[in-house]
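The values are calculated or read from the model by the stated rules, or taken from the named source; none is laboratory data. The structure presented is a predicted model; accordingly, all values stated were derived computationally and were not measured. Quick reminder, even Gly has a Cβ in these numbers, built from the backbone with ideal geometry, and neighbours come from all protein chains shown.
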Amino acid sequence: MGRRRAIRMGAVGFGALVLAGCKGIIPDGGSAPPPPPPPVEGPSAGELPDVDEARHRVALLVPMSGQNAAVGQSLSNATTMALLDTNTSNIRITSYDTASDPAGAARRAIADGNRLILGPLLGENVDAVQAVARPARVPIISFSNDSQVAGDGVYVMGQIPSQSIERTMTYAQQNGITRFAALVPSGEYGKRASDAMLAHARRTGTQVAAIETYDRDNSSLASAVRRLQESGDYQAVLIADGARIAVRAGPMLRDADQMAKILGTELWSGDAQIAQTPALRGAWFSAVSDARFQRLSDSYKSRFGSAPYRVSALGYDAVLLTIRIARDWQPGDPFPVSQLDDPAGFLGLDGAFRFDDGVVKRAFEVREVTVNGMKVVSPAPASFD
């Protein structure tokens with residue numbers, strides 16, 4: 001790994017990620033510890049903070065109520081697991097509910113003495129949190145995948161859709177495909193997908209023959225496929241949407257053109273419907289590897305009795321990243337944010353990653369849809385060296 005700040009795979013318990021020099025708490029052959037108590041929200045801003053000079057104070061800002069409460073609880077549980085699996089005792093993580101008042105959650109977190117914020121989950125909440133955290137010089141590692149909110153103390157850790165699309169297009173080019181088309185949904189995700197395709201084409205000299213937009217209903221989707229068929233010559237079509245739309249669009253595209261290669265996005269990862277749809281067999285898409293997440297998922301189930309949300313890996317990795325940097329961080333001092341900019345990057349549950357101007361750059365693998373499920377046809381790079 002050279003000088004990489006490695007977060008490495010250990011052999012303990014379920015094979016959880018551990019930091020170099022640390023040990024997991026579950027011995028080989030042992031059972032997982034009992035579930036920890038659910039995280040509690042920190043004291044209100046009007047109360048004195050709980051002084052703990054031996055531990056770093058880290059705030060987790062996620063929805064703990066409302067429609068996204070289950071996702072927030074899954075993230076909170078994953079951060080607890082990361083502390084347990086690495087036997088870390090010098091970091092204290094407190095959860096704060098962002099569901100109704102993200103700015104208020106940030107104010108409570110700052111008042112309680114937290115020096116780092118993990119979260120929020122939603123990109124739309126970042127501005128409110130940043131407005132509170134920036135004057136206090138408290139950096140934010142957000143779980144959002146919106147690269148537009150990065151910078152000025154905000155680091156975006158979610159999977160960026162454009163990076164998945166670029167990885168897939170690059171692989172397609174390596175296999176002789178130079179003319180692309182796309183079906184993209186109306187809205188922000190579709191715009192980002194279109195922008196990513198066009199930007200990649202400009203950089204590489206490939207062509208985007210057509211991009212057709214649809215609303216998420218069968219009639220609009222079918223019309224977009226017809227327009228695409230009439231629009232020009234292409235070798236591959238990107239379906240920039242999740243499994244629900246992909247399994248509808250795939251047969252329509254096959255009826256219109258038997259030869260065009262179908263491409264997908266990171267939204268296809270982990271959805272069984274994709275492999276069960278004959279029209280999508282042979283399609284390529286890019287995503288982070290699920291191998292390590294499966295082991296996290298198994299351990300999570302044994303602790304909490306249910307499966308984690310996929311986004312929980314971000315919470316787990318964010319804690320591992322914090323632990324690694326905490327080696328050079330004195331309790332009470334500002335978080336050494338400059339260490340997040342290490343160009344060698346880090347290795348986490350979701351593979352190699354690094355930050356560039358506050359936006360995470362991830363190593364994606366390319367998968368092919370086959371009759372037997374997903375097959376990795378181009379592994380993710382192990383590093384950025």
Exercise for review: Only residues that are closer than 18 Å to Y189 by Cβ and among the small types (G, A, S): list them for region 261-304, please.
Suggested key: G264, S269, G270, S286, A287
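Against the condition at pLDDT below 95, assigned by TED's automatic domain parsing to the domain that holds H56 and crowded, with 19+ Cβ neighbours inside 10 Å, how does G348 come out, does it pass? Full working, then the answer.
Details: at pLDDT below 95: yes; assigned by TED's automatic domain parsing to the domain that holds H56: yes; crowded, with 19+ Cβ neighbours inside 10 Å: yes.
The answer is yes for G348.
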Exercise for review: Return only the number of the condition from (1) buried (at least 17 other Cβ atoms within 10 Å of the Cβ); (2) more than 30 Å from R327 (Cβ to Cβ); (3) not assigned by TED's automatic domain parsing to the domain that holds G242 that A103 does not satisfy.
Suggested key: (1)
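I'm trying to understand the selection: among the residues of region 351-382, which are within 20 Å of the chain's Cα centre (by Cα), outside any strand (DSSP E or B) and surrounded by fewer than 16 Cβ atoms within 10 Å (Cβ to Cβ)? Show your work before the answer.
Pass one, region 351-382, residues within 20 Å of the chain's Cα centre (by Cα): 351-367, 374, 376, 378-382.
Keeping just the survivors that are outside any strand (DSSP E or B) gives 357-358, 363-364, 379-382.
Within region 351-382, D357, P379, P381, A382 meet the criteria.
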Practice item. Name every residue in region 157-190 that is modelled with pLDDT of 95 or more and out of contact with any Ser or Thr (no Cβ under 9 Å at 6 or more places or on another chain), in order of residue number. Key: N175, G176
Check your understanding: Is it the case that G315 is of a type in the set (G, A, S), surrounded by fewer than 18 Cβ atoms within 10 Å (Cβ to Cβ) and modelled with pLDDT of 90 or more?
Key -> no
Exercise for review: Could you run through region 358-375 and say how many residues are touching a residue at least 24 places away in the same chain (Cβ under 8 Å) and touching a strand residue (DSSP E or B) at 6+ places or on another chain (Cβ under 6 Å)?
Suggested key: 12
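Residue-by-condition table, conditions (1) of a type outside the set (F, W, Y); (2) within 19 Å of T178 (Cβ to Cβ); (3) out of contact with any strand residue (DSSP E or B) (no Cβ under 6 Å at 6 or more places or on another chain):
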residue: H200; (1), (2), (3): yes, yes, yes
residue: R203; (1), (2), (3): yes, yes, yes
residue: Q207; (1), (2), (3): yes, yes, no
residue: S219; (1), (2), (3): yes, no, yes
residue: Q229; (1), (2), (3): yes, no, yes
residue: Y234; (1), (2), (3): no, yes, no
residue: R248; (1), (2), (3): yes, no, yes
residue: Q258; (1), (2), (3): yes, no, yes
**Study point:** Considering residues of region 270-306 that are assigned to a loop (DSSP other than H, G, I, E, B) and of a type in the set (D, E) only, the residue surrounded by the fewest Cβ atoms within 10 Å (Cβ to Cβ)
**Key:** D271
